[in-house]
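The next block holds one structure in the form of structure tokens; read it before the comments.
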Amino acid sequence: MSSFMDTFLKRELSLRQEEDLQIQHAHRSLGPKPQDKHAARSILVNFQRFDMKDKVLRAAWAKKIIFDSKVITFANDMPTEINNKMKEYKDIKKSLKEAKIRFQTPYPAKLRVHLEDGPRVYKTAKEAAEDARKRGLSVEIPRSSDTD
């Protein structure tokens, strides 16, 4: 898997072939294979150097990558607690995309929305959903796993 990822990343991100990406190891995420033919398991890539990981992520985020007719996305590996909090924003992010409203998800588990009256940062999905509703977006108010 490591050699496949080395070749894949160099080809798709237009990196120099002679460049050493210093991939320590790569593997598919644990767990059963998804039943949905459109979904794929994540591939985790562990780099020996942070600067190389950062270079690969920046190159990947700047380009749309399609493999086997599917869009490939790249993300930092986050702790389970942060991933669970980020999942709470899923419905809100979907509504923002549909409304063509730009947003970002800065660490740790926040939502920055670029509105006409300036950017707004939400610390919880509940806070973001309530404000989105006030602004006319159709979103469900999530039950927060957080008591902030």
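The values are calculated or read from the model by the stated rules, or taken from the named source; none is laboratory data. Since the model is a prediction, treat every value here as computed from it, not as a measurement. Cβ placement follows ideal geometry from the backbone for every residue including glycine, while neighbour counts extend to all protein chains displayed.
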Checklist line | Residue count for the stretch 1-23, restricted to those that are free of Cβ contacts under 8 Å to residues at least 24 places away in the same chain and surrounded by 15 or more Cβ atoms within 10 Å (Cβ to Cβ) | finding: 2
Checklist line | Subset of the stretch 77-96 [in contact with a Phe, Trp or Tyr (Cβ under 8 Å, 6 or more places away or on another chain) and free of Cβ contacts under 8 Å to residues at least 40 places away in the same chain] | finding: Met78, Ile82, Lys93
Checklist line | Residue selected from the stretch 90-130 under the condition within 28 Å of Trp61 (Cα to Cα) and among the acidic types (Asp, Glu), by the criterion nearest to the chain's Cα centre (by Cα) | finding: Asp91
Next item on the list: Starting from the stretch 114-143, take each residue that is of a type in the set (D, E, K, R) and list its partners that are assigned to a loop (DSSP other than H, G, I, E, B), counting only C-beta distances under 7 angstrom and pairs at least six apart or across chains.
Entry: Lys123/Lys110; Lys123/Asp148; Lys126/Ile141; Lys126/Pro142; Lys126/Ser144; Glu130/Ile141; Arg133/Val139
Margin query: Anything in the stretch 79-106 that is hydroxyl-bearing (Ser, Thr, Tyr), in a loop (DSSP other than H, G, I, E, B) and surrounded by fewer than 12 Cβ atoms within 10 Å (Cβ to Cβ)? List them, or say none.
Written below: none
Checklist line | 1 or more residues under 29 Å from Pro108 (Cβ atoms) and among the small types (Gly, Ala, Ser): qualifying strands (runs of 3 or more DSSP E) within the stretch 1-78 | finding: 23-28
Item checked: Residue ID - surrounded by the most Cβ atoms within 10 Å (Cβ to Cβ), chosen from residues in the stretch 63-75 that are touching a Leu at 6+ places or on another chain (Cβ under 9 Å) and in contact (Cβ under 8 Å) with a residue 24 or more places away in the chain -> Ile65
Item checked: Residues being closer than 12 Å to Ile43 by Cβ and charged (D, E, K, R) - total across the stretch 10-30 -> 1
Next item on the list: Taking the options Ala60, Ala26, Ala40, name whichever one is among the hydrophobic types (A, V, I, L, M, F, W, C), at pLDDT below 90 and surrounded by 13 or more Cβ atoms within 10 Å (Cβ to Cβ).
Entry: Ala40
